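The values are calculated or read from the model by the stated rules, or taken from the named source; none is laboratory data. Being a predicted model, the structure only gives us computed values, none of them experimental. Counting neighbours? That spans all protein chains shown, and the Cβs are built from the backbone with ideal geometry, glycine included. Keep in mind that these areas ignore ligands, DNA and RNA; they rest on the heavy atoms of the full protein, side chains included. Shrake-Rupley method; radii C 1.70, N 1.55, O 1.52, S 1.80 Å.
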Amino acid sequence: MYDYIIVGAGSAGCVLANRLSADPSKRVCLLEAGPRDTNPLIHMPLGIALLSNSKKLNWAFQTAPQQNLNGRSLFWPRGKTLGGSSSINAMVYIRGHEDDYHAWEQAAGRYWGWYRALELFKRLECNQRFDKSEHHGVDGELAVSDLKYINPLSKAFVQAGMEANINFNGDFNGEYQDGVGFYQVTQKNGQRWSSARAFLHGVLSRPNLDIITDAHASKILFEDRKAVGVSYIKKNMHHQVKTTSGGEVLLSLGAVGTPHLLMLSGVGAAAELKEHGVSLVHDLPEVGKNLQDHLDITLMCAANSREPIGVALSFIPRGVSGLFSYVFKREGFLTSNVAESGGFVKSSPDRDRPNLQFHFLPTYLKDHGRKIAGGYGYTLHICDLLPKSRGRIGLKSANPLQPPLIDPNYLSDHEDIKTMIAGIKIGRAILQAPSMAKHFKHEVVPGQAVKTDDEIIEDIRRRAETIYHPVGTCRMGKDPASVVDPCLKIRGLANIRVVDASIMPHLVAGNTNAPTIMIAENAAEIIMRNLDVEALEASAEFAREGAELELA
Ligand SMILES: Cc1cc2nc3c(=O)[nH]c(=O)nc-3n(C[C@H](O)[C@H](O)[C@H](O)COP(=O)(O)OP(=O)(O)OC[C@H]3O[C@@H](n4cnc5c(N)ncnc54)[C@H](O)[C@@H]3O)c2cc1C
């Protein structure tokens, strides 16, 4: 019997496990479908290149055929180990834009607004470069560092951005977001600092915390509409964990897993559940809806030097010395997150804030790293930060071991394609500016022949991919149609909440790991202080006054 059963040990789940088990009088169970995070490729940052192919540490989902992407089904990696996606991600530390949280405040109240978010980001952060300040914290568990290794081409990209009239930004999480610069990463001493490393590893010995890995949650157990436990499958055997009478089930399976488990358990759109023979517990039509993701397109160029991280015989000496640097000093190119530099720009001057993000990789990247691309080259990722298209997670089968239906419905809003066309044009302008032009041999994809808007649209439909930020599938809101209320309680049910990226009402303009960790920190406080919606508003008012005083 547990006071809290947390399902999913990802970015959010690890934070919850840490905070809730800090009270020795509470018994906490953390269930995770994947194994422990012992594989060294998780911890060595450049190991990311090989994690895409892992079947053991990666759910490796495929989307439904995408109508606006020539019917293609896209590869959707999600982490499946302690740390979840934070154990296989690119480690870029970005909080999003202040306005994202103003929109959350509109949807869910002040406790989810910018002042509160900033307070939590700072509380969680241990920034290795910036001192404690208006924007940064140094006392938290989440290590945020500058990269130990930056390839000369990543520096050239930033220089070229400035030559293309984009300002330099020394801190994307500081005063403003616009500009080109170098990413800070969730790393410590040249190693990945996943949510598991930051929040779980240090508390593994707590006697009131049980962590069950290789445990695939298959159903939430309800008595009437009250959650009382979870069924899971481990080594082909069915097991159950139960809550104490006032205990809670906390769903942190991520934006794909959480709505999927809810639907398998009878919570979702009644008609869809019926179609798959799932008995209805509660008709909640928005479960799985409101799916938002960042669609991404690349420019890939051959380099005229051997500066990039290459796959070539001539790279072997650098590879060997890089391995020694990493093993003995935790330095060198193996500490690279690959997406070393980048930036945020507007697709057109009339925009009030950046709606495009760049990730520059000083290497070729083919098919999410699943295919080897020989030679020396570089890749610019360009993504639409504020997409209007909305998709859904649905059921394909009532079998919990079958993946769900994933339909992001990319480019269903025409505005999104216009943003991406602008992104390609701005990206090319940067890559043709002098500092990058001197490394340029030729454009491999899409290739110089792709010039007009129609040709670019065709190319986007042929090649665009996810940049891995699905959110929104258990939308939080004050309105009765939302899946969870501002305390993250599932509407119409008792003793169950959602705490992960799926509660975001709107996708943030940036990478989603730090925002998800922040969500879990906020949730842990709501749960531990037993706050209700009115209390949230009151304490947020207090927090805002405090923040305003501090800013003054
Ligand atoms: C390849 C990749 C690169 C990315 N790069 C970045 C980046 O550079 N910066 C950034 O900020 N964000 C990045 N992201 C996104 C970011 O990592 C995610 O948004 C974030 O980790 C989501 O956190 P979460 O807690 O919602 O879900 P997750 O971290 O995915 O955690 C969900 C957990 O639940 C478990 N689970 C799922 N179903 C079940 C089940 N049935 N039973 C038991 N357990 C289950 C999963 O195995 C997983 O451990 C990236 C993501 C990916 C996949």
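Just tell me the longest site-free run in the chain, where the sites are GluC sites (Glu not before Pro) in a DSSP loop having at most 11 other beta-carbon atoms within 10 Å. With GluC sites (Glu not before Pro) excluded where exposed in loops, the chain gives 176-552 as its longest stretch. Computed with a 1.4 Å probe over protein heavy atoms only, the accessible area of residue 318 comes to about 80 Å².
The stretch between residue 238 and residue 348, if pulled fully straight at 0.36 nm per residue, gains 34.1 nm over its current Cα-Cα span. Beta bridges assigned by DSSP with both partners in segment 60-208 are antiparallel in approximately 65 percent of cases.
The 1.4 Å probe gives accessible areas that order 238, 102, 368, largest first, as 238, 102, 368. Solvent-accessible surface of the chain, averaged per residue with a 1.4 angstrom probe and all protein chains in place: 38 square angstrom. The trypsin sites (Lys or Arg not before Pro) of segment 155-210 include none that DSSP puts in a loop with a beta carbon having at most 11 other beta carbons within 10 Å.
On the chain, 53 percent of the accessible area sits on carbon and sulfur atoms, based on a 1.4 Å probe. Taken over segment 295-444, lysine pairs spaced eight or more positions apart, or on distinct chains, with alpha carbons under 30 Å apart number 26.
Taking all protein chains as shown and a probe of 1.4 angstrom, residue 99 keeps an accessible surface of around 50 Å².
Against the main long axis of the alpha-carbon atoms of the chain, helix 254-264 sits at an angle near 40°.
Only Cα sites of the chain enter the Debye sum here, all with the same form factor; the resulting log10 I(q)/I(0) across q = 0.10 1/Å is -0.78, listed in q order.
Length available on full extension from residue 481 to residue 388: 0.36 nm per residue minus the Cα-Cα distance, which gives 31.5 nm.
Given R0 = 51 Å, the distance between the Cβ atoms of residue 226 and residue 167 translates into a calculated FRET efficiency of 0.40. Could you work out how far the C-alpha centroid of segment 375-404 sits from that of segment 273-334, in angstrom? Using only Cα atoms, the two centres lie 12 Å from each other.
Report, in degrees rounded to the nearest 10, the 0 to 90 angle that the Cα long axis of helix 152-163 makes with the longest principal axis of the chain. Taking Cα atoms only, the helix is inclined about 80 degrees. Helical runs assigned H by DSSP (4 residues or longer) give the chain a calculated mean residue ellipticity at 222 nm of -8500 deg cm²/dmol, each run adding -39500 (n - 2.57) before division by the residue total.
Overall, the chain carries a charge dipole of about 2080 debye about its Cα centre when +1 sits on the Cβ of Lys and Arg and -1 on the Cβ of Asp and Glu, all other atoms neutral. With distances taken between every two different alpha-carbon atoms, segment 1-135 has a Kirkwood hydrodynamic radius of 17.8 Å. Each label was represented as a point 7 Å from its Cα along the Cα-to-Cβ direction; for residue 283 and residue 131 these points are 6.1 nm apart. Over all pairs of different C-alpha atoms in segment 172-317, the reciprocal of the mean inverse distance, the Kirkwood hydrodynamic radius, equals 20.5 Å. Legend: residues 500, 3, 23, sorted from most to least accessible area (1.4 Å probe; ligands, DNA and RNA excluded), read 23, 3, 500. Remark: the residue 331-residue 204 segment gains 42.9 nm on full extension, using 0.36 nm per residue and subtracting the alpha carbon distance. For the chain, relative contact order (Cα pairs under 8 Å, six or more residues apart, normalised by length) works out to 22 percent. For the chain, the longest principal axis of the C-alpha atoms and the axis of helix 533-551 are separated by about 40°. For residue 129, the solvent-accessible surface with a 1.4 Å probe is about 100 Å², rounded to the nearest 10. Note on segment 74-180: Rg/Rh from C-alpha atoms, Kirkwood Rh, equals 1.01. Projecting the Cα atoms of 507, 476, 456 onto the charge dipole of segment 456-523 (Cβ charges, centred on the Cα centre) puts 476 farthest toward the positive pole.
Tell me the trypsin sites (Lys or Arg not before Pro) within segment 240-308 that lie in a loop according to DSSP and have at most 14 other beta-carbon atoms within 10 Å. Taking segment 240-308 and a limit of 14 other Cβ atoms within 10 Å, the loop trypsin sites (Lys or Arg not before Pro) found are 306. Taking the DSSP bridge list for the chain and keeping only pairs wholly inside it, about 70 percent are antiparallel.
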